[in-house]
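Peer 1: The structure under discussion is supplied below as structure tokens; questions concerning it will follow.
The values are calculated or read from the model by the stated rules, or taken from the named source; none is laboratory data. This is a predicted model, so every value here is computed, not measured. All Cβ positions, even for glycine, are placed from backbone atoms using ideal geometry, and neighbour counts span all protein chains on display.
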Amino acid sequence: MDFTTYIRDIEDFPKPGVVFKDITPLLNNPLALKKASEALLGFTANMKIDKVVGVDSRGFIFAPLLAEKLGAGFVPVRKSGKLPYNTISESYDLEYGKATVEIHKDAIKKGEKVLLHDDVLATGGTASAVCKLVESLGGEVVQCNFLIELTFLKGADKLNGYQIEALLQY
């Protein structure tokens with residue numbers, strides 16, 4: 001299946017000069033959604049995974065689906081101040097400032113194998129921060145998988161040493 005036909009470009013979103021890759025057409029099509037889920041799951045063949053970490057907010061779409069299929073738990077990582085229990089946080093640089101992500105302190109146990117999922121790998125700042133959170137809790141990131149990788153932003157460079165998979169590359 002050619003998933004690129006289900007990704008639409010939105011010019012100047014969220015700010016001028018940015019071409020946003022909109023995944024909602026893919027999500028709206030039952031067959032494309034099913035095939036994308038299966039393809040993301042295929043990246044994890046023969047891997048033992050205890051937890052799937054989904055990144056706020058669009059990582060929450062596929063991460064629970066992957067967790068269910070893998071027989072793993074789902075762990076949300078959210079922007080600062082959005083989780084209700086005791087958290088740890090990690091800040092990272094953006095083009096226009098800083099951002100912070102948080103995870104519950106009890107979400108991952110020492111030695112658990114973790115799959116990180118987010119919809120897009122862009123600059124790598126968010127994914128790198130999430131890997132640090134997982135590892136600070138004693139988890140082992142066995143793969144970072146994404147629906148889309150924007151290769152021209154070189155986000156994979158910030159994830160050196162991690163296995164990275166992406167369904168689509170632009």
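Peer 1: Using beta carbons and a limit of 9 Å, which pairs, at least six apart or on different chains, have the first residue in segment 27-48 and within 29 Å of Gly139 (Cβ to Cβ) and free of Cβ contacts under 8 Å to residues at least 40 places away in the same chain and the second one part of a helix (DSSP H, G or I) and of a type in the set (Lys, Arg)?
Peer 2: Hits for this filter: Ser37/Lys69; Glu38/Lys69; Leu41/Lys69.
Peer 1: Scan segment 132-149 and tell me whether some residue there is touching a Gly at 6+ places or on another chain (Cβ under 8 Å), among the hydroxyl-bearing types (Ser, Thr, Tyr) and free of Cβ contacts under 8 Å to residues at least 60 places away in the same chain.
Peer 2: No: segment 132-149 contains no residue that is touching a Gly at 6+ places or on another chain (Cβ under 8 Å), among the hydroxyl-bearing types (Ser, Thr, Tyr) and free of Cβ contacts under 8 Å to residues at least 60 places away in the same chain.
Peer 1: A further question follows. Test Asp106 against the stated conditions and say whether it is under 25 Å from Pro14 (Cα atoms), at pLDDT 95 or above and among the acidic types (Asp, Glu).
Peer 2: In short, no.
Peer 1: Please enumerate the residues belonging to segment 6-29 that are out of contact with any helix residue (DSSP H, G or I) (no Cβ under 7 Å at 6 or more places or on another chain) and part of a strand (DSSP E or B). Give the derivation first.
Peer 2: Our first condition is that a residue be out of contact with any helix residue (DSSP H, G or I) (no Cβ under 7 Å at 6 or more places or on another chain); within segment 6-29, this holds for 9-24, 28.
Asp9, Ile10, Glu11, Val19, Phe20, Lys21, Asp22, listed by residue number.
Peer 1: For segment 120-131, state whether one or more residues are loosely packed, with under 13 Cβ neighbours inside 10 Å and in contact with a Leu (Cβ under 9 Å, 6 or more places away or on another chain).
Peer 2: no
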